[in-house]
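Asks: Quick one: the structure is below, and I'll ask about it shortly.
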Amino acid sequence: MTRSFRLALVSLFSVALAGCGGEAPPDATPPGATPEGDVAASAAEEPVFPESVEDQKCSLLTADDVAAAVGVPVAAVSSRVDCLYTWEAGGGAPAGSVFLMSLDVDESVERAQREFARRTEDVTAGEVAAQQRAFAEAVDGRQAEGSVTDTEAATGSALTDAMTAESITHRPLAGVGSEAVVHDRGSAYVRLGNARIRFTGTWDGEDHIAPEVARAVGSAVVDRLDALL
């Protein structure tokens with residue numbers, strides 16, 4: 001399995017996993033505070049993007065941004081697939097990649113806040129394993145019914161083989177967009193107003209994106225997205 005294909009499978013599983021979970025638990029609220037009111041006040045001050053900006057996803061990140069983030073010459077960064085940037089080892093940095101995977105614009109800032117919280121909730125190793133089993137059983141069931149294509153079956157098999165039952169822990173990235181996190185499976189999530197961005201990375205052959213790289217890439221994407229308003 002190629003590295004980029006495995007990265008895509010892992011990312012797909014993470015999205016499916018997040019989609020199967022419940023709403024993220026609310027943060028602790030100080031006495032007398034009103035969570036709904038706080039959220040509404042915060043949302044009113046954040047930018048609201050039209051859904052059409054989703055079509056401009058790949059324009060939000062450039063080779064120059066990636067080169068600056070990882071500390072390699074711009075000439076070393078190449079892009080053979082839309083939104084995917086790769087580089088060879090050199091200049092003190094190992095080979096790696098950054099993939100701007102998704103840009104989703106929700107109907108409101110409040111909806112984006114809820115979706116961001118749900119999709120960035122920490123997951124234990126046991127929960128990951130349970131979701132792997134559920135995913136595999138669903139694919140097997142559809143295959144038995146004849147309602148799954150050979151490609152879908154092969155993708156499901158490769159997906160479960162590629163994943164290991166490890167926990168997923170998100171760490172905050174301060175100062176990037178409205179809120180941002182990075183996790184140890186090589187993904188970063190950023191929210192700016194009602195827009196949610198996800199990008200992934202590999203580093204020296206592993207699914208990984210260092211917090212400082214995630215912060216630089218996230219900041220570049222946020223700046224370009226903000227300029228679209």
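Laboratory data are not the source of any read-out in this text; all were calculated from the coordinates shown. On a predicted model such as this, the values are computed, not experimentally measured, just so you know. All Cβ positions, even for glycine, are placed from backbone atoms using ideal geometry, and neighbour counts span all protein chains on display.
Asks: Got a sec? How would GLU107, GLU121 order by Cβ neighbour count within 10 Å, fewest to most?
Replies: Fewest-to-most Cβ neighbours within 10 Å comes out as GLU107, GLU121.
Asks: Could you order peptides 88-95, 198-205 by the average number of other Cβ atoms within 10 Å of their residues, highest first?
Replies: The densest-packed peptide leads the list: 198-205, 88-95.
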